[in-house]
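Q: If you scroll down you'll find the structure; I have some questions about it.
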Amino acid sequence: MREAKDWPLDAFIEAAAAALALPVEPAWRPQIRAHLQVTWRLGQEVAEFDLPDELEPAPVFET
Amino acid sequence: MDPWRTAADIAGEVVSGRSTAVAVIEATLQRIKQHDHALNAFTALTPERALAKARAVDLDLRAGKSAGPLAGVPFAVKNLIDVAGLATLAGSRINRGRPPAELDSPLITRLEAAGAVLVGALNMGEYAYDFTGENAHYGASRNPHELGLMAGGSSGGSGAAVAGDLVPLALGSDTNGSIRVPASFCGLFGLKPTYGRLSRARSFPFVASFDHLGPLARSSLDLALAYDAMQGYDASDPVCVDRPIEPAVPGLEHGMGGLRVAVAGGYFRRGLSPAAQEAVARVAADLGAADEVELPEAGRARAAAYVITAAEAAALHLDRLRRGAADFDPAVRDRLIAGAMLPAAFIVKAQKFRRWYREQVLKLFANLDAIVAPATPFAAPRLGQQTVQLDGAEVPLRPNIGIFTQPISFVGLPVVVVPVPLQPLPIGVQIVVPPWREDVALRIAYGLEKHGVALAPRPPR
């Protein structure tokens, strides 16, 4: 998967905002872009960790 | 009257007749009136309710009835916790339009059943998505140790109110560190219990996977008294686990002998300020914790917590963003919008990773009773500060505040933060224990306090 910084993030933000019906003022975009870049990188860090297919997700923590 | 008394001191005076609950509450309201303009801890006061409750406590005592272990103790709650008659703001301007809560949170009901007296609601970072205590709508909660410093967040008002002498006890919420960060920055004891231990019913959510409620106080005994009073199953919170009440107060004095304690190594040793290193070293030395233990993939756990937080918070607020994004605190709004754009695959993988990580961490506790870790990488930064020097590099401040708290709450482990009274500022250390062993963490905190290693230092006026 490509790094978020390597692809046209502004176009993605515009398309995603339109699809989600989210109003994005031009002045907000640099911060949204910065946050998305960081969160995307962290998401990829988790996504690339090898886990068994059978592992159950843990939406609720129980002991 | 000495305002730096603990909750236990106050209850003792009220029960013994040396003071009355009404006198305590009147003095508390007066103190808040005098000092809160500087601290900006409170967003609402409930004086009529407080005085009525205080009169009831005094009447019970005069009638020879038990008034409870927190008789006459004033407390306040982060304003995401429902208080009957108040709109639950959760630090936002948007929620001002909500109808007033009809009922109190069950935690308020339980504290009041133990004799405590609610005096008001406390400032916080908007919708709890914050580690600083800053708030674009209501202003920053200020650190009582120096008003130009951050109180920490998101339970910033809770930290400021307790460290600032306004109340001896406050409730906060902790999703990624929001009790533990203000406890560290303000020099307080704070408890984030096991996920599912204390009811979250009638509180405004943030990230359902990680949300916890808990107390902040100026002594470990007060923390334990409040925690014991709030325990118990509550069917109105589907996450609350049906377990018997396991009181922590009776075991506080059992001492620390025989406890197997290690220091978190690897990830938890990197990016620490000298103050954080010193605080961990002092606690470890007192506990005889010579060994280090590695929480495997702790950095990735923090990453997964970050991603789940962004996605769940965005989902929670999506409609509000569509209707009025400009009404949010800009610092929160931009993160929520970014969170709404994350691929679902990242979130599901993060929840799978969470299962794996939980299993690895629980294995460590097969041979350990507690793990010592820094609470924050540094003591309270200045309000508005954007970057910090760590390991010789200048890094962004905000995302680094919670790096040591997030990998713990990610899997719901109970933690007590103990304040280490360094100069010029205190800083917290986490005592992390296995699920449902809050009693062990509180017992360790109590021992550290007895030894003078942990102490909530009194700020200068």
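Every number here is computed from the coordinates shown, using simple stated rules; none is lab data. Because the structure is predicted, anything quoted here is derived from the model rather than measured. Glycine gets a Cβ as well: all are built from the backbone with ideal geometry, and neighbour counts include every protein chain shown.
Q: Could you list B:Arg197, B:Arg382 in order of exposure, starting from the residue whose Cβ has the fewest other Cβ atoms within 10 Å?
A: B:Arg382, B:Arg197
Q: Treating the beta-carbon of each Lys and Arg as +1 and of each Asp and Glu as -1, no other charges, what is the dipole magnitude of region B:383-461 about its Cα centre, to the nearest 20 debye?
A: So the magnitude is around 280 debye.
Q: Among B:Gly232, B:Ala310, B:Ala52, whose Cα sits farthest toward the positive end of the charge dipole of chain B (+1 at Cβ of Lys/Arg, -1 at Cβ of Asp/Glu, about the Cα centre)?
A: Looking along the dipole axis, the top candidate is B:Ala310.
Q: In addition: Taking the Cα-to-Cβ direction at B:Arg458 and at B:His137 and moving 7 Å from each Cα, how far apart do the two end points lie in nm?
A: Placing both labels 7 Å along Cα→Cβ, they lie 3.7 nm apart.
Q: Between A:Ala19 and B:Ala393, how many nm apart are label points set 7 Å from Cα along the C-beta direction?
A: 3.3 nm
Q: Let me ask something else. Subtracting the Cα-Cα distance from 0.36 nm times the residue separation, let me have the gained length for B:Arg18 to B:Ala63 in nm, one decimal.
A: On the way: separation 45, 0.36 × 45 = 16.20 nm, distance 1.62 nm.
Roughly 14.6 nm would be gained on extension.
Q: Further question on the same structure: With +1 on each Lys and Arg Cβ and -1 on each Asp and Glu Cβ, how big is the dipole of region B:308-458 about its Cα centre, in debye rounded to the nearest 20?
A: Using only the charged Cβ atoms, the result is roughly 300 debye.
Q: Over all pairs of distinct alpha carbons, what does the Kirkwood formula give as the hydrodynamic radius of region B:83-216, in Å?
A: On the way: mean 1/r = 0.0684 Å⁻¹.
By the Kirkwood definition, the hydrodynamic radius is 14.6 Å.
Q: Provide Rg over Rh for region B:178-228; use the alpha carbon set for both Rg and the Kirkwood Rh (inverse mean inverse pair distance).
A: 0.97
Q: Quickly estimate the mean residue ellipticity at 222 nm for chain B, helices only: each DSSP H run with n ≥ 4 gives -39500 (n - 2.57), and the total goes over all residues, rounded to 500.
A: -11500 deg cm²/dmol
Q: On to the next question. To check you understand DSSP bridge types, tell me what percent of the beta bridges within the protein assembly as shown (both residues inside) are antiparallel, rounded to 5.
A: Percent antiparallel among DSSP bridges in the protein assembly as shown is about 70.
Q: Report, by chain and number, residues whose modeled amide H sits under 5 Å from the one on B:Gly120, excluding near sequence neighbours (fewer than 5 apart, same chain).
A: The list, which skips near neighbours in sequence, is B:Thr46, B:Val77.
Q: Still on this structure, I have one more. Once the Cβ-Cβ distance between B:Asp327 and B:Lys363 is put in as r, and R0 is 41 Å, what FRET efficiency do you end up with, to the nearest 0.05?
A: Numbers: r = 46 Å, r/R0 = 1.13.
According to the calculation, E is roughly 0.35.
Q: While we're looking at this one, here's another question. What percent does the relative contact order of chain B come to when contacts are Cα pairs within less than 8 Å and at least six residues apart?
A: Averaging sequence separation for qualifying contacts and normalising by length gives 17 percent for chain B.
Q: Take the eigenvalues of the Cα gyration tensor for the protein assembly as shown, scale each by 5, and report the square roots as semi-axes in whole Å, largest first.
A: 35, 27, 21
Q: May I pose another question? How many Cβ atoms of partner chains, on average, are near each residue of A:45-57 if near means within 10 Å of its Cβ?
A: If you average over the peptide's residues, the count of other-chain Cβ atoms is 6.
Q: Follow-up question, since we're still on this one. In percent, what relative contact order does region B:253-408 have, based on Cα pairs under 8 Å that are 6 or more apart in sequence?
A: Once divided by the residue count of region B:253-408, the mean separation gives 37 percent.
Q: Could you calculate the FRET efficiency of B:Arg96 with B:Ala52 from 1/(1 + (r/R0)^6), where r is the beta carbon distance between them and R0 is 25 Å, rounded to 0.05? Show your work: numbers first, answer last.
A: Working: r = 26 Å, r/R0 = 1.02.
E(calc), rounded to 0.05, equals 0.45.
Q: Per-residue counts of other Cβ atoms within 10 Å, averaged by peptide: what ranking do you get for A:7-20, B:158-171, highest first?
A: B:158-171, A:7-20
Q: Here's another thing I want to ask about it. On average, how many beta carbons from a partner chain sit within 10 Å of the beta carbon of a residue in B:326-335?
A: Going residue by residue through B:326-335 and averaging, the value is 3.
Q: About its Cα centre, what dipole magnitude does the protein assembly as shown give when the only charges are +1 on Lys and Arg Cβ and -1 on Asp and Glu Cβ, stated in debye to the nearest 20?
A: I would put it at about 740 debye.
Q: Considering only the other residues whose Cβ falls under 11 Å of the Cβ of B:Ala41, what net charge follows from Lys and Arg at +1 and Asp and Glu at -1?
A: Summing Lys and Arg as +1 and Asp and Glu as -1 gives 0.
Q: For B:His212, what residues show an amide H to amide H distance below 5 Å, using hydrogens built from the backbone and excluding near sequence neighbours?
A: Placed amide hydrogens put B:Asp174, B:Thr175 under 5 Å from B:His212.
Q: Within a Cβ distance under 10 Å of B:Arg260, other residues only, what is the Lys/Arg minus Asp/Glu net charge?
A: After counting each charged neighbour, the total is -2.
Q: Under 13 Å from the Cβ of B:Arg335, count the other residues' Cβ atoms, weight Lys and Arg +1, Asp and Glu -1, and hand me the total.
A: -2
Q: Taking neighbour Cβ counts within 10 Å as the exposure measure, how do B:Thr309, B:Thr109, B:Thr387 sort from fewest upward?
A: B:Thr387, B:Thr109, B:Thr309
Q: Shifting gears a bit: Applying 1/(1 + (r/R0)^6) with R0 = 51 Å to the Cβ-Cβ distance of B:Val348 and B:His254, what FRET efficiency is obtained, to the nearest 0.05? Kindly include the intermediate steps, with their values, before the conclusion.
A: Numbers: r = 43 Å, r/R0 = 0.85.
Result of the calculation: an efficiency of 0.75.
Q: How would you rank B:Lys53, B:Lys65, going from fewest to most other Cβ atoms within 10 Å of each one's own Cβ? Numbers along the way, then the final one.
A: On the way: B:Lys53 22, B:Lys65 10.
Listed from fewest to most nearby Cβ atoms, that is B:Lys65, B:Lys53.
Q: Right, another one. Quick one: 3J(HN,Hα) in Hz for region B:35-49, Karplus 6.51/-1.76/1.60 with θ = phi - 60°, rounded, Gly and Pro as x.
A: Whole-Hz 3J(HN,Hα) from phi for region B:35-49: 10, 6, 4, 7, 8, 6, 8, 9, 10, 7, 10, 10, x, 5, 4.
Q: Averaged across the residues of B:303-316, what count of C-beta atoms belonging to other chains lies within 10 Å of each residue's C-beta? If you can, show how the numbers build up before the last one.
A: On the way: counts 10, 6, 2, 7, 9, 3, 1, 7, 2, 1, 0, 3, 0, 0.
If you average over the peptide's residues, the count of other-chain Cβ atoms is 4.
Q: Normalised by the number of residues in region B:1-98, what is the relative contact order in percent for Cα pairs under 8 Å and 6+ residues apart?
A: Once divided by the residue count of region B:1-98, the mean separation gives 32 percent.
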